[in-house]
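Colleague: Take a look at this one; I'll ask things after.
The values are calculated or read from the model by the stated rules, or taken from the named source; none is laboratory data. The structure presented is a predicted model; accordingly, all values stated were derived computationally and were not measured. We place every Cβ from the backbone using ideal geometry, glycine too, and count neighbours over all the protein chains shown. Heavy atoms of the whole protein, side chains included, go into the accessibility calculation; ligands, DNA and RNA do not. Shrake-Rupley method; radii C 1.70, N 1.55, O 1.52, S 1.80 Å.
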Amino acid sequence: MDQNLPDAYTVRAAIALAVRAPSVHNSQPWDWRFRGRTIELRADTGRRLRQADPEGRDLLISCGCVLHHFTIAAAALGWATRVDRMPDPGVLARIELFPREPREEDIALATAIPRRRSDRRRFATRPLTAWEENRLVRSATDHDATLRFVDGAPQRSALTAAAVEARGLHRADPDYGIELASWSGRRYAADGVPARNAVLTTAAPLVRDFSDALLADTDAQDGAALTILSTADDTPLDRLRAGEAASAVALTATRLNLASCLVTEPLELTCTRGLVRDCVVTEGAEPQLVVRIGHLPDGTPPLPHDGRSRKSCGHSATTGSACRYLHEPVDRVERAPDGSETKERRMHAFASGPESPQGSTMDVCDS
């Protein structure tokens, strides 16, 4: 076997971690293909939310999240990535893998993948430190996006108003309601929003009211820090990059033992996105999504763990075998004399690491 080429089990192990990425309504709208050292990421347009996401904005953001998760997983397994974004029609990213010794940063971020959760519950009023805020801002900047903390009262009021308006317009749309109900309240499906991970009752405008929610929440004031992730423009590439930045922010938050939740509802409608752009972001930037970040209140139980399989790769151009749902054990790789035993142990740790209040195998992107 060529030691400069990744074996199939290594690629599948990286994808198995990557598909734990957040996606809108946990729709997992991606499709993976690979041959030799090259992996292609494509959008599964059949999973686009026609009512909530008519422009395909959230689909591209979701695919950006899984792309970043993949590069982190591959790096921790000893493979550097070279990403060519939007190289051909229908291809979101073409990724080449090259051997490289894992760095501590790679391992730390990969370890955060199975611990991260989308937590819609109210957060404690304990503020973030300046050091924590700087780490989060830098994680977005590294991916050509800007993370702004919404601290001023007028900006927070405008963001809340946009969220309230978006929720009201969505509630008045019966087609949206049907779509939301079809993707939420899940109990046994491998996709969609699990009922036990959605907040039972909420008055918070930045938390979407999913159907058949079962998760209880406190009545205390929500102390979440509100941030806006924005890009310089609003091209498909900008939306993909926004997803990569959102993934980086969420994993960095997990590393810092912070809870987080990506929120897209206030930006799904042209009118409310315009309000956020003009009154919250300004400076000509394009808002792509909101990120709630903070500490969970003391004594808050972890979100329910869900060990079901997740949608992974579409097909291998090498073998032609279908692998849409991955059941291979993630610690199974080809042995080689270049330290592959270390890779085995690390891979197993990523998939089976300790649970935390921010960790799950079934996460969703927005509120």
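Colleague: Taking just the C-alpha trace of region 235-274, give me its Rg and Dmax in Å.
Modeller: Gyration radius and largest Cα-Cα distance of region 235-274: 12.4, 35 Å.
Colleague: Sticking with the crude label model, points 7 Å out along Cα→Cβ, report the distance from T160 to A190 in nm, one decimal please.
Modeller: Placing both labels 7 Å along Cα→Cβ, they lie 4.2 nm apart.
Colleague: If I ignore ligands, DNA and RNA and count only protein heavy atoms, how much of S62 is accessible to a 1.4 Å probe, in Å² to the nearest 10?
Modeller: 0
Colleague: Label points 7 Å out from Cα along the Cβ direction at R82 and S211: separation in nm?
Modeller: It is 4.8 nm.
Colleague: What's the extension gain from T141 to L237 if we count 0.36 nm per residue and subtract their Cα-Cα distance? The partial results should precede the final answer.
Modeller: Values: separation 96, 0.36 × 96 = 34.56 nm, distance 1.55 nm.
Result for the pair: 33.0 nm of gain on full extension.
Colleague: Beyond 23 Å, how much of the Cα-Cα pair distribution for region 123-272 remains, as a whole percent?
Modeller: Values: 5006 of 11175 pairs.
Tail of the P(r) past 23 Å holds 45 percent of the pairs.
Colleague: Which length gain, in nm to one decimal place, applies between F149 and R126 when the Cα-Cα distance is subtracted from 0.36 nm times their residue separation?
Modeller: On the way: separation 23, 0.36 × 23 = 8.28 nm, distance 1.52 nm.
Using 0.36 nm per residue and subtracting the Cα-Cα distance, I get 6.8 nm.
Colleague: Please compute the modelled spin-label separation between A8 and E105, points set 7 Å along Cα→Cβ, answer in nm with one decimal.
Modeller: Label at E105, label at A8, 3.5 nm between them.
Colleague: Also: What number, in nm² with one decimal, is the all-direction average of the projected area of the convex hull of the alpha-carbon atoms of region 1-143? Mind showing how you got there, number by number?
Modeller: Values: hull surface 41.5 nm².
Across all orientations, region 1-143 yields a mean hull projection of 10.4 nm².
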